[in-house]
Amino acid sequence: MEGLSVFLLVFLLGIRHGLDADHLAFIDGQTRYNWRMGSRFAPWVGTLFSLGHGGMVAVTAGVLGVVMKNFTFPSYFDHFASWVSILSLFLIGTLNTYHLLRTKNKEEDFQLSGLKGKFIPKIAKGTTNPFLIILVGALFALAAETVSQTAVWSLAVGNAGKYTPLLLGLVFMFGMMLTDTIDSLIVHKMVNESSKFGQSASRLMGWVIVVLAYGVSFYLAFTFFNPWAEVNFEMVGVILFIFLVSMFVFVSVKSKGKNIKINVN
């Protein structure tokens, strides 16, 4: 693994990783909280979160690539990380399905729910402090599946150059920042819409997360026992990213159209 193709692959991995259901759930909650508190950081919660998360990934990659060149994780670690991811995604899908159905006929807004966020101290769950949001992002990076994924490419390019794993970690971070920044901008625009459109957009986002969580969970479980069925998962990530961008454009256009209509009236 060397050359520009490796950097492109890791960048795509970062984009896909930014679509992790736990990331989206935390960013959704923090963006809403910061908006309610009038924080100027509300639209940039995703940027701050991914800065901490990606920074930790970059440090981990640098350490693994420089210090542990001849080290390989035992196969059971990868299996453990895979099943943690499978079960977590299934639970996230179930949790958000429950909340979507529970709030279907009620006035309260739907808010995404994740698992990792439940282990974060209460002081960091609702904070306008940008450094705390960065810190939470870094803590999310210590999950088994993140470490396992980072280890694969950082150890694979360990002999390509002393600082190559660290540079790849930074590329991964920029890919993730792109996705998570767009996500927090979408949520910020949705909460600015107190109308039925804003609520409908939030629920649509919720069902997208449910489908994403269940879909990836079942895919990982199926390919665990049937490796022949694996597809180019990076391209799936790109497709989902394009969908996220499309949703951002849709929400932006709808909001602008609504504001123009109000001004005309």
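Overview of results
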item	result
Options T128, T179: the member that is part of a loop (DSSP other than H, G, I, E, B), under 30 Å from N34 (Cα atoms) and at pLDDT 80 or above	T128
Members of the stretch 220-250 that are open to solvent by 60 Å² or more (accessible area, probe 1.4 Å), modelled with pLDDT under 75 and not hydrophobic (A, V, I, L, M, F, W, C)	N232
All positions within the stretch 1-56 that are open to solvent by 50 Å² or more (accessible area, probe 1.4 Å), within 26 Å of T150 (Cα to Cα) and outside any helix (DSSP H, G or I)	M1, E2
The one condition in (1) open to solvent by 20 Å² or more (accessible area, probe 1.4 Å); (2) out of contact with any Gly (no Cβ under 6 Å at 6 or more places or on another chain); (3) at pLDDT 85 or above that D78 fails to fulfil	(3)
Any pair with Cβ under 6 angstrom, 6 or more apart, that starts in the stretch 44-60 at a residue that is over 13 Å from D28 (Cα atoms) and ends at one that is hydroxyl-bearing (S, T, Y) and surrounded by fewer than 24 Cβ atoms within 10 Å (Cβ to Cβ)	none
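The values are calculated or read from the model by the stated rules, or taken from the named source; none is laboratory data. Everything numeric here is computed off the predicted structure, so don't read it as measured data. Neighbour counts run over all protein chains shown; Cβ positions are idealised from the backbone, glycine included. For the accessible areas, the whole protein counts, side chains as well, though only heavy atoms, and no ligand, DNA or RNA atoms are used. Shrake-Rupley method; radii C 1.70, N 1.55, O 1.52, S 1.80 Å.
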